2 protein chains.
Amino acid sequence: MPRTKQFDKQEVLEKAMELFWEKGFHATSIQDLVTSLGINRASLYDTFGGKEALFESAFQLYRQISTKHIQQIFESEPNVKQGFKVLFEKAIEESTNDICKKGCFVVNTTTELIPGDDKIQKILLENKNNAETLFADYVQKGIGTGQIDSTKEAREIGSMLFTLFNGIRVLAKVDTNPNKLKKVVNLGLSVLD
Amino acid sequence: MPRTKQFDKQEVLEKAMELFWEKGFHATSIQDLVTSLGINRASLYDTFGGKEALFESAFQLYRQISTKHIQQIFESEPNVKQGFKVLFEKAIEESTNDICKKGCFVVNTTTELIPGDDKIQKILLENKNNAETLFADYVQKGIGTGQIDSTKEAREIGSMLFTLFNGIRVLAKVDTNPNKLKKVVNLGLSVLD
DNA sequence: TTTGTATTGGAATGATTATTCCAAATAAAA
DNA sequence: TTTTATTTGGAATAATCATTCCAATACAAA
């Protein structure tokens, strides 16, 4: 009886993610979304609820993808300093190869929607704590295996590297020269020596 | 003959700066500005040209103030590592004391208006180069006076500290605990040892 | 006080915003 | 093929957007 959906929800959500990522919440209109997603206005409201709800879904998808990305790098690289280097350099490549200059959706959202959106702010705080823990645990692994001096504090190093990571995500929008950014990374990673 | 202006242009510009700083370009409406600045809609267009022109003026005022602020700290502090520490900790205090969570106007503008606004992007690139030079020259001064090991590269350290600075400006919006941020700063400044 | 010019308040404009609604189209099941 | 639930296109809505315009106001100089 029921007519089946004419589009793949996940596919459309990915397109919405790209658009919000590039333009931000306020500069993206429903009309932009309707045009870009290729679905009808009514379908958009029916399937995703509205602009705010769609933004949140798109944002959560991004978080999920990028968290998984970090985990995969850390899991597959036993040399901890090398693992961080790969993570940072991949982020640099992603930024500098992207002619759109979208940057990092999480960073963009932090600066655009704080202050103002309490719901998003809560998600962002969780995200920060998760990411710092991910970083710190990986440093701790390096301490455990003797790669990193055991007098170091894993949590502090994790926080510091995550902070540097955020800074790179901002500045890669302004200056897309990857070599300069890689030098910054090398210097930042010297905290592990 | 001519009636004199009923308001101080500089004073009004400062109010515009505060509002754009807090809400960003897109989320600030002309009505918001009219209400907040206390001047008439027509006066706003007459005196400042329009929304974009007013934003640019407000943004340049912010850059001017914050550049002067950095210069003053560096000039008045002969101990280079201490000078950086003061700069970072003042930025942290400013962020964590601000209940509005405005963050840094330059960082906010970078993530909101790139991609899209080529004029602003050019200003942001200049700003980055200026700031990195300011940082690097101060590091170089430390090398010249023997405070910092002469094998270090001033430019790289300057860039790395500026990157960390930007990261702090982002994360201070998410987590306003100043002590965590100060630990990050201390670790970051160890590149000077 | 009168004169002349710039400022002012507020209405008007036309574009765009997010959202809702409904008749027509569509496709799976009967 | 008919039935039926759902999607779809596009119009309609009401709010808000940036900007312009003008008559009324207000002030410095005469």
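The values are calculated or read from the model by the stated rules, or taken from the named source; none is laboratory data. Not measured: the values here are computed from a predicted model. Heads up, the Cβs are rebuilt from the backbone with ideal geometry, glycines too, and the neighbour counts pull from every protein chain shown.
So, B:Lys9, is that one of a type in the set (Lys, Arg), more than 16 Å from the chain's Cα centre (by Cα) and near DNA strand D (Cβ under 8 Å from one of its atoms) or not? No; evaluated as a whole, the condition is false for this residue. Scanning the stretch A:166-193 for residues being within 16 Å of the chain's Cα centre (by Cα), within 7 Å of chain B (Cβ to nearest Cβ) and under 16 Å from A:Val86 (Cα atoms) gives a total of 2. When restricted to residues that are crowded, with 19+ Cβ neighbours inside 10 Å and within 16 Å of DNA strand D (Cβ to nearest atom), the stretch A:28-70 contains 7. Restricting the stretch A:142-165 to residues that are among the charged types (D, E, K, R) and within 11 Å of chain B (Cβ to nearest Cβ) leaves a set whose member that is nearest to B:Lys183 (Cα to Cα) is A:Glu156. The residues of the stretch B:148-164 include none that are in a loop (DSSP other than H, G, I, E, B), crowded, with 19+ Cβ neighbours inside 10 Å and out of contact with any Gly (no Cβ under 6 Å at 6 or more places or on another chain). Scanning the stretch A:120-156 for residues that are closer than 14 Å to A:Phe74 by Cα and among the aliphatic types (A, V, I, L, M) yields A:Ala131, A:Leu134, A:Ala136, A:Val139.
If you go through the stretch B:98-110 and keep only what is at the interface with chain A (Cβ under 7 Å from one of its Cβ atoms) and buried (at least 23 other Cβ atoms within 10 Å of the Cβ), you end up with B:Gly103, B:Val107, B:Asn108, B:Thr110. When the helices (runs of 4 or more DSSP H) confined to the stretch A:1-93 are screened for residues that are among the β-branched types (Val, Ile, Thr) and more than 16 Å from DNA strand C (Cβ to nearest atom), those reaching at least 2 such residues are found at A:51-76. With the requirement that a residue be in a helix (DSSP H, G or I) and among the β-branched types (Val, Ile, Thr), what does the stretch A:95-114 give you? Listed by number, the residues that qualify are A:Thr96, A:Val106, A:Val107, A:Thr109, A:Thr110, A:Thr111. Each residue in the stretch A:111-122 was checked for being surrounded by 15 or more Cβ atoms within 10 Å (Cβ to Cβ) and more than 10 Å from chain B (Cβ to nearest Cβ), and 2 of them qualify. What are the residue pairs meeting all of these: first residue in the stretch A:65-79, first residue modelled with pLDDT of 95 or more, second residue small (Gly, Ala, Ser), Cβ atoms under 7 Å, and 6 or more apart or on different chains? What qualifies is A:Ile73/A:Gly83; A:Phe74/A:Gly83; A:Glu77/A:Gly83. Return yes when A:Ala131 is more than 29 Å from B:Cys100 (Cα to Cα), of a type in the set (A, V, I, L, M, F, W, C) and either modelled with pLDDT under 95 or part of a helix (DSSP H, G or I) (or both) and no when it is not. So A:Ala131 fails the test.
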